[in-house]
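Presented below is the structure to which this report refers.
The values are calculated or read from the model by the stated rules, or taken from the named source; none is laboratory data. None of these values were measured; they are calculated from a predicted model. Here the Cβ positions follow ideal geometry from the backbone for every residue, glycine too, while neighbour counts run over all protein chains shown. These accessible areas exclude ligands, DNA and RNA; they are computed on the full protein's heavy atoms, side chains included. Shrake-Rupley method; radii C 1.70, N 1.55, O 1.52, S 1.80 Å.
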Amino acid sequence: MIFLCIKKLPFVMNKIYYLASCDTCRKIIKSLPENHNLVFHDIKQDPLTTEELEEMQQLTGSYEALFSKKAQLYKSMDLKNKSLNESDFKKYILEHYTFLSRPVFMIDNKIFIGNTQQNILQVMKALS
């Protein structure tokens, strides 16, 4: 009798975390290649889980890299005048979707954060 042991490789799901009401996100999504195979995750309708945020952090090495200092709440809460650490960044991102820098693409175990032209060019290259 022969037994085969097949190691199951982790399924890589390519995702975009975005905000449907964000004009910039909509513009970027519209420009994606038709065969992009991305799973869409609207962070307002379906808030990030701790596990999803931790997965992003593993790819970036920090929560601060995922944190948007452009968010209106950042200014209204006067967070720029506070000394924030990694656990603070994580807490704020989980508390309110606006603190996640967007869009966030996770493609083939790589992460692309934000809407800079260079970043979006890298996303397009990764998707082609």
Measure off 7 Å from each Cα along the Cα-to-Cβ vector at Lys82 and Thr116, then give the distance between these two points in nanometres to one decimal.
-> 2.7 nm
Take the Cα of Ala20, step 7 Å along the line toward its Cβ, and report every residue of the range 40-55 whose backbone nitrogen sits under 18 Å from that point.
-> 40-49
Rank by packing, highest mean first: peptides 70-78, 53-61, with packing defined as the count of other Cβ atoms within 10 Å averaged across residues.
-> 53-61, 70-78
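Considering only protein heavy atoms and a probe of 1.4 Å, how much of the accessible area of the chain is carbon and sulfur, as a whole percent?
On the way: 4450 of 8650 Å².
Ligands and nucleic acids excluded, carbon and sulfur give 51 percent.
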Pairwise label distance in nanometres, Leu73 with Ala126, each label 7 Å out on the Cα-Cβ vector = 2.4 nm
Percent of C-alpha pairs per 10 Å bin, the chain, short to long | 11, 42, 30, 10, 4, 2, 0
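Of Lys70/Lys91; Lys44/Lys82; Lys15/Lys75, which ones are farther than 20 Å apart at the Cα? Don't skip to the answer; put the middle values down first.
Numbers: Lys70/Lys91 17 Å; Lys44/Lys82 26 Å; Lys15/Lys75 29 Å.
Over 20 Å Cα-Cα: Lys44/Lys82; Lys15/Lys75.
I'd like to check one number: the per residue accessible area of the chain, probe 1.4 Å, reported in Å² as a whole number.
Details: 8650 Å² over 128 residues.
Heavy-atom accessible area per residue stands at 68 Å².
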What net charge is computed for the residues neighbouring Ile29, neighbours being all others with C-beta under 14 Å from the C-beta of Ile29, Lys and Arg scored +1, Asp and Glu -1?
-> +2
